[in-house]
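Reviewing the structure listed below.
The values are calculated or read from the model by the stated rules, or taken from the named source; none is laboratory data. Remember, predicted model here, so these are calculated numbers, not experimental data. Counting neighbours? That spans all protein chains shown, and the Cβs are built from the backbone with ideal geometry, glycine included. For the accessible areas, the whole protein counts, side chains as well, though only heavy atoms, and no ligand, DNA or RNA atoms are used. Shrake-Rupley method; radii C 1.70, N 1.55, O 1.52, S 1.80 Å.
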Number of protein chains: 2
Amino acid sequence: MVRGWVQAIRNHKTMSFLVIRDCSGMVQATVDRQNRPDLDSAIASLSIESAVQVEGAVHRNDAVRLGQLEIIPDSIVIHGAADPQLPIQQTSKLDARLDWRFLDLRRPRNRIIFEVQTTAEAAMRTFWRTEGFLEIHSPKLMGSPSESGAELFTVDYFGGKAYLAQSPQFYKQMAMAAGLERVFEIGPVFRADPSFTTRHATEFTSIDMELSWIDSHEDVMRVEERWLQYVVQQVAEAHGPEIQRLFGTAVNIPELPFPRITMDEAQGVLSGLGHVRPPHSRDGDLDPQGEQVLGGYVADRYSHDFVFVTDYDWKVRPFYHMRDASRPSKTKSFDLLWKGLEVTTGAQREHRHATLVRQAQEKGLNLDQIRFYLDFFRFGCPPHGGLGFGLGRMLMSLLGLPNLREVSFLFRGPTRLTP
Amino acid sequence: MVRGWVQAIRNHKTMSFLVIRDCSGMVQATVDRQNRPDLDSAIASLSIESAVQVEGAVHRNDAVRLGQLEIIPDSIVIHGAADPQLPIQQTSKLDARLDWRFLDLRRPRNRIIFEVQTTAEAAMRTFWRTEGFLEIHSPKLMGSPSESGAELFTVDYFGGKAYLAQSPQFYKQMAMAAGLERVFEIGPVFRADPSFTTRHATEFTSIDMELSWIDSHEDVMRVEERWLQYVVQQVAEAHGPEIQRLFGTAVNIPELPFPRITMDEAQGVLSGLGHVRPPHSRDGDLDPQGEQVLGGYVADRYSHDFVFVTDYDWKVRPFYHMRDASRPSKTKSFDLLWKGLEVTTGAQREHRHATLVRQAQEKGLNLDQIRFYLDFFRFGCPPHGGLGFGLGRMLMSLLGLPNLREVSFLFRGPTRLTP
């Protein structure tokens with residue numbers, strides 16, 4: 001018995017051939033039209049992409065290209081008939097394919113995305129459990145704006161207002177103040193970002209970890225690189241050859257340690273390579289094209305897909321990043337680039353209440369709105385740090401796909417809320 | 001070296017005793033005040049619940065009640081000093097404890113909640129992976145109201161409107177139309193429910209699965225009971241004795257199959273036991289107290305913590321539940337009670353487009369608003385079913401705690417959006 005979707009129907013004079021596709025592959029069913037008029041009439045009403053169940057005997061037949069096997073059906077049941085006119089083809093434009101995402105996802109190469117996602121997340125959690133991390137689910141509804149008022153969605157909350165969390169930042173730090181010591185969360189975050197790049201979405205899956213009793217951001221990077229090495233290893237073992245075949249992308253298991261470069265060094269490298277920061281980009285930060293160039297430089301020089309960029313200027317980092325005591329214009333923070341794509345921002349956090357309040361004031365934050373957060377640091381908060389990591393960007397890097405829309409189950413952007 | 005929080009300080013004439021608590025337990029540090037004036041002055045400024053790091057030699061001392069061990073410190077570093085006045089005590093009322101949830105969570109018995117959560121979710125995912133389920137992350141932002149307009153939060157979306165998903169229902173069904181065959185998701189859902197019961201929240205973690213090619217809701221129940229047996233087994237192995245010690249609750253590994261009772265039978269049992277449905281409760285449904293009574297009946301009669309209540313009336317179920325062909329007033333649906341608490345609603349879904357449209361019309365839904373969903377069934381959707389399961393309610397049942405607020409990392413209710 002095979003249950004799946006009709007990939008193809010070919011009616012010849014005396015025989016009909018069906019190709020049935022399920023999640024494990026495809027198989028041919030061969031019907032003798034004259035001897036089985038009942039099946040012949042079932043096939044006459046059958047359309048491509050219908051969901052069917054075919055039962056019969058499996059025969060070896062060297063003439064059959066699909067695995068030299070064919071099913072001679074005893075019965076064909078049409079569980080879900082498909083409208084004969086499909087709204088998209090494989091060659092349809094991306095926007096049309098996203099309108100009919102469930103049909104687009106039926107392509108075997110799209111299924112692999114979710115197999116890789118499943119394997120990668122399982123590997124992440126295995127690593128975390130081995131290292132004593134606890135799983136948390138932090139609230140997405142907040143009573144006040146978190147990091148800044150920008151890019152924040154507002155919710156009508158019983159006549160008042162709530163806000164959608166842009167990240168679990170405040171709450172995973174609360175877990176540190178609560179003594180949970182090491183936590184992780186995989187969940188949605190929301191950004192009211194009106195941009196239409198290939199790397200941004202208004203809702204995406206964020207992977208977060210936070211750990212206590214660190215000495216510096218270097219401790220966070222050391223966990224992240226071991227974690228990612230394990231994850232990529234698991235993906236390579238389970239799906240490496242298939243990713244190579246379907247996407248033409250090699251899954252390279254990264255060596256430890258990942259290369260590290262300070263932001264100052266990175267800017268030296270970029271200007272040495274003639275990269276000019278575009279207008280409107282922030283001084284002290286990397287623009288997306290600069291990240292690409294830097295990724296290429298690291299690939300050439302270190303044969304590595306990853307690079308940590310460290311010691312960002314205080315002026316481009318959020319108020320809760322810890323500053324370097326000896327160089328207060330620098331922070332104990334890092335980004336991680338994977339093939340020139342930023343996948344992580346991380347840092348040691350400022351856990352000293354008085355210093356944190358000063359830093360929030362210096363950044364012009366409204367202290368009343370973040371009072372509940374500042375309180376986390378008043379009753380014995382240990383030194384800690386952590387990072388956020390984008391699931392979709394990881395899949396882009398792993399599979400070599402250029403657009404977040406292609407690796408999201410259902411993409412959400414400023415003009416896309418359906419299906 | 002021990003890094004943790006100051007549980008207690010006792011200053012005697014010549015000696016000071018500190019009790020330090022970390023996530024693994026507690027230990028005593030003993031300071032000779034006269035020989036170590038530096039440490040003595042550090043302790044003088046030390047407050048309860050400060051985050052400290054103590055290094056020194058560990059000695060056996062039979063007079064020490066905490067494991068007959070003590071640390072003789074070489075150094076004491078105060079990483080995070082606590083304000084001397086703590087805003088809550090262990091005996092504070094629930095609302096005050098929720099205001100200062102991070103302090104409340106420092107109690108060892110609260111840490112166990114997240115250890116159990118971590119173990120249980122890991123077991124769930126191990127089961128799913130073994131059975132070929134894929135992990136998905138469905139969007140929480142929707143372009144139109146889903147199941148019904150009630151209890152829906154509205155988001156200001158670039159000048160237009162979006163809605164927060166009340167469940168991943170539509171999207172996990174889309175995964176079936178997409179041929180993913182078996183999927184799971186653990187993520188937040190949102191209900192604009194103004195009630196203040198011990199079992200409801202405006203945001204909670206929902207655990208969802210959906211599977212294709214089923215014959216009836218019985219197939220879904222058979223997966224769920226095996227899944228839960230495995231989860232409870234893993235929790236019992238890892239935490240059973242500790243749950244018994246801290247909460248006085250035995251973790252019983254349930255036998256298969258779980259008892260099943262139809263809704264008609266359940267109502268017969270309840271009226272036989274003299275239970276009267278409260279006014280305003282829905283005919284054909286169970287009220288919370290009725291669930292408790294039924295749970296007690298099942299415990300007495302079958303010595304079982306679980307019971308599936310099946311075959312709910314069509315009038316009390318959503319439009320997408322499949323009706324029983326031979327008894328159209330009944331649905332192929334079920335709830336699962338765990339110790340008399342509803343933890344699951346599940347069903348075979350109606351996958352035939354024309355029937356689904358008819359059912360939506362019969363329930364008075366606006367077809368235009370759910371057109372994107374109805375389209376999932378137009379191009380070959382296989383028979384399928386699934387369930388939603390509440391993480392918090394599971395923890396209440398496992399630990400024997402009476403209130404969802406106690407088992408949530410951060411509870412969200414109509415009047416609670418902070419911290």
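Going by alpha carbons, how many degrees (0 to 90, nearest 10) lie between the helix axis of A:108-130 and the longest principal axis of chain A?
Roughly 40 degrees, rounded to the nearest 10.
Kindly state, to the nearest 0.05, the FRET efficiency for A:Asp264 paired with A:Ala325, given R0 = 22 Å and r defined as their beta-carbon distance.
Once the sixth-power term is evaluated, E becomes 0.80.
Using the scaling law 2.2 N^0.38 Å as the reference, what is the normalised Cα Rg of region A:79-148?
It is 1.77.
Go through region A:392-404 residue by residue and turn each phi into a ³J(HN,Hα) via Karplus (6.51, -1.76, 1.60, θ = phi - 60°); whole Hz please, and just put x for glycine and proline.
Karplus-based 3J(HN,Hα) across region A:392-404 equals x, 5, 4, 5, 4, 5, 5, 9, x, 9, x, 9, 4 Hz.
What's the average, rounded to a whole number, of partner chain beta-carbon atoms within 10 Å of each residue's beta-carbon in A:4-16? Intermediate values should be presented prior to the final figure.
On the way: counts 6, 5, 1, 0, 0, 0, 0, 0, 0, 0, 0, 0, 0.
Going residue by residue through A:4-16 and averaging, the value is 1.
If Lys and Arg each add +1 and Asp and Glu each add -1, what is the summed charge of the other residues whose beta carbon sits under 12 Å from the beta carbon of A:Met396?
Values: positive: A:Arg199, A:Lys339, A:Arg393, A:Arg405; negative: A:Glu342, A:Glu406.
In short, +2.
Ordered shortest first, which distances in nm separate the 7 Å Cα→C-beta label point of B:Arg129 from those of the other copies?
Computed spacing set for this position: 0.8 nm.
Provide the per-residue ³J(HN,Hα) series for region B:184-200, in order, calculated from phi with Karplus coefficients 6.51, -1.76, 1.60 and θ = phi - 60°, each as a whole number of Hz, with x at glycine and proline positions.
9, 8, 10, x, x, 10, 10, 9, 7, 9, x, 7, 10, 6, 7, 10, 10
Percent relative contact order of region B:84-170, based on C-alpha pairs within less than 8 angstrom and at least six residues apart? Each step should come with its number before you reach the end.
On the way: 54 pairs, mean separation 15.2, N = 87.
Result for region B:84-170 is 18 percent.
Under 4 °C and 1.567 mPa s, how fast does region A:1-119 diffuse according to Stokes-Einstein, given a Kirkwood radius computed over C-alpha pairs? Answer in µm²/s, whole number.
Estimated via Stokes-Einstein, D reaches 84 µm²/s.
Using DSSP, restrict attention to beta bridges with both residues in the protein assembly as shown and report what percent are antiparallel, rounded to the nearest 5.
90 percent
Label position 7 Å from Cα toward Cβ: report the copy-to-copy distances for A:Phe158 in nm, one decimal, ordered from shortest.
For A:Phe158, the inter-copy label distances come out at 3.2 nm.
Taking the mean number of other Cβ atoms within 10 Å as a proxy for protection, how do you rank B:89-96, A:112-119, B:34-41 from highest to lowest? Numbers along the way, then the final one.
Working: B:89-96: 10.8, A:112-119: 20.9, B:34-41: 13.2.
The most tightly packed comes first, giving A:112-119, B:34-41, B:89-96.
Within the P(r) computed for region B:104-195, what percentage of the Cα pairs occupies the region above 16 Å?
67 percent
If A:Lys13, A:Lys339, A:Lys315 are ordered by their accessible area, calculated over protein heavy atoms with a 1.4 Å probe, which sequence runs from highest to lowest?
Greatest to least solvent exposure: A:Lys13, A:Lys315, A:Lys339.
Mind pulling the angle between the C-alpha long axis of helix A:263-272 and the longest principal axis of chain A? Nearest 10 degrees, somewhere in 0 to 90.
It is inclined by approximately 70 degrees.
Report the residue, chosen from B:Gln53, B:Gln244, B:Gln68, that carries the largest GNM mean-square fluctuation when chain B is represented by alpha-carbon nodes joined by springs under 10 Å.
Ranking B:Gln53, B:Gln244, B:Gln68 by mean-square fluctuation puts B:Gln68 first.
Can you give me the angle between helix B:217-247 and the longest principal axis of chain B, using Cα atoms only, in degrees from 0 to 90, rounded to the nearest 10?
10 degrees
Would you mind checking which residues have amide H under 5 Å from A:Ser75's amide H? H placed 1.01 Å from N; only 5 or more apart, or other chain.
The answer is A:Glu55.
Just checking the output field for B:136-146: average partner chain Cβ neighbours within 10 Å of each residue's Cβ?
Counting other chains' Cβ atoms within 10 Å and averaging over B:136-146 gives 6.
Mean separation of Cα pairs under 8 Å and 6+ residues apart, divided by the residue count of chain A: what relative contact order is that in percent?
Details: 756 pairs, mean separation 56.3, N = 419.
Relative contact order of chain A: 13 percent.
Work through the residues other than A:Ile112 whose Cβ is under 11 Å from its Cβ and net out their charges, Lys, Arg +1 and Asp, Glu -1. Mind showing how you got there, number by number?
Numbers: positive: A:Arg107, A:Arg109, A:Arg111, A:Arg245; negative: A:Glu115, A:Glu242.
Surrounding charge for A:Ile112 is +2.
How high is the FRET efficiency between B:Tyr230 and B:His200 when r is their beta carbon distance and R₀ equals 22 Å, given to the nearest 0.05?
0.20
If N is the number of residues in region A:154-253, what value comes out of its Cα radius of gyration divided by 2.2 N^0.38 Å?
Its radius of gyration relative to the 2.2 N^0.38 Å reference: 1.44.
Just to be sure I understand: if I project the alpha-carbon convex hull of chain A onto a plane and average over all orientations, what area do I get in nm²? Write out the running numbers ahead of the final one.
Details: hull surface 102.1 nm².
For the Cα atoms of chain A, the hull's average projected area reads 25.5 nm².
Quick one: Karplus J couplings for region B:14-29, per residue in order, coefficients 6.51, -1.76, 1.60, θ = phi - 60°, nearest Hz, x for Gly and Pro?
My calculation for region B:14-29 gives 9, 10, 10, 10, 10, 10, 10, 10, 10, 6, 9, x, 10, 8, 9, 10 Hz in order.
Helix-only mean residue ellipticity at 222 nm, the protein assembly as shown, DSSP H runs n ≥ 4 weighted -39,500 (n - 2.57), per residue, nearest 500. What is it?
On the way: 24 runs with 266 residues, N = 838.
Value at 222 nm, helices only: -9500 deg cm²/dmol.
Please compute the net charge surrounding A:His304, taking Lys and Arg as +1 and Asp and Glu as -1 over other residues with Cβ under 11 Å from its Cβ. Present the calculation step by step, with values, prior to reporting the outcome.
Details: positive: A:Arg260, A:Arg301, A:Lys339; negative: A:Glu225, A:Glu255, A:Asp300, A:Asp305.
Net charge in that neighbourhood comes out at -1.
Tell me, rounded to the nearest percent, the portion of alpha carbon pairs in region B:31-88 spaced more than 18 Å apart.
Roughly 45 percent, once rounded to a whole number.
How large, in percent, is the carbon and sulfur part of the accessible surface of the protein assembly as shown at a probe radius of 1.4 Å? Display every interim value, and only then the final one.
Numbers: 16070 of 32890 Å².
Exposed carbon and sulfur together represent 49 percent of the surface.
Based solely on C-alpha atoms, express the radius of gyration and the Dmax of the protein assembly as shown in angstrom.
In Å, with Rg to one decimal and Dmax whole: 29.1, 105.
Between region B:248-304 and region B:64-130, what's the alpha-carbon centroid distance in Å?
A separation of 35 Å, based on Cα centres.
Averaged over its residues, how many other protein chain Cβ atoms are within 10 Å of peptide B:75-81's Cβ atoms?
Average neighbour count from other chains, rounded to a whole number: 4.
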